[in-house]
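*Asks:* Got a structure here, written out as structure tokens. Questions coming.
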Amino acid sequence: MKPTVVAIDGPAGSGKSTVSKRLASSLGFVHLNSGALYRGVTLLALRRGLDLRDERRLSAAAGDTVMDFDVDGGFIMDGEDVSEAIRTSEVDRAVSIVAALPSVRVAVTGQQRRIAAGKSVVIEGRDVTTVVFPNAQVKVYLDASVEERAARRHADLRAQGERVDVRKVEREIRDRDEMDRTRADSPLLVAPDAEVIDTTGMSVDDVVAAIARSARRVAL
């Protein structure tokens, strides 16, 4: 089987992570969550007390930190598993600011390409079909209603022990959508050759099956 890139874009809460993990497992591909890298840089900034708009220092941190994923999909930075630490509401509120910095995006794009080199991967993000892997063999854009996306994120936060009002989560998702779609560098767009799937009301299995059929055709 030749190395194949399945790139999946979409807004926050559209089901990218759940679908991508399941899809990668089904295909035997590596799962690469690009959002984890931006969250990782954000976590570094918060831990070090850095200005979230200090592009020079944040891009240096993004380039110098060793980032990777373990065999179980855990996100590792400089040898530490930070999979849970990058999913807090504090990181949620700050990540769009960090991810909008052009030099940070360049550094993170380099990290993603390094991790994926020579492998068959399922990569998820907000610009992976348009910027990071514009020549990916399979491109998908997942979407869902704001209400459904907020409910999913609210459930994730509750599972982590955080008490958050779902209406606040919905406002934050709307704000995140606006920032992602209007940022000057690598905004969230639907690639012209991407398959668009609205996951509202769909089962994860149905979404995974649809994408897997396309991936298997091009990987043979």
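*Asks:* How much length would be gained if the chain were fully extended between Val204 and Ala60, taking 0.36 nm per residue of separation minus their Cα-Cα distance, in nm to one decimal?
*Replies:* 48.1 nm
*Asks:* In percent, how large is the relative contact order of the chain, given Cα pairs closer than 8 Å and 6 or more residues apart?
*Replies:* 35 percent
*Asks:* Given the -39500 (n - 2.57) contribution per DSSP H run of 4+ residues, what per-residue ellipticity at 222 nm results for the chain, rounded to the nearest 500 deg cm²/dmol?
*Replies:* Rounded to the nearest 500, it is -16000 deg cm²/dmol.
*Asks:* Continuing with this model, one more query. Can you give me the distance in nm between label points at Ser145 and Arg217, each placed 7 Å from the Cα along the Cα-to-Cβ direction?
*Replies:* Rounded to a tenth, the inter-label distance reads 3.1 nm.
*Asks:* Relative to the present Cα-Cα distance, how much length would full extension add between Arg171 and Glu84 at 0.36 nm per residue of separation?
*Replies:* Gain in length upon complete extension: 29.0 nm.
*Asks:* Where does the charge balance sit around Ile211 when Lys and Arg score +1, Asp and Glu -1, over other residues with C-beta under 12 Å from its C-beta?
*Replies:* Net local charge, Ile211 excluded: +2.
*Asks:* Now a separate question. Pulled fully out, how much extra length does the chain show between Lys119 and Ile97, if you take 0.36 nm times their separation in residues and subtract their Cα-Cα distance?
*Replies:* Additional length available on full extension: 4.9 nm.
Bear in mind that the values in this text are calculations on the coordinates, not laboratory data. Note that the structure is predicted; figures quoted are calculated from it, not measured. Because the Cβ atoms are built from the backbone with ideal geometry, glycine has one as well, and the counts that use them run over all protein chains shown.
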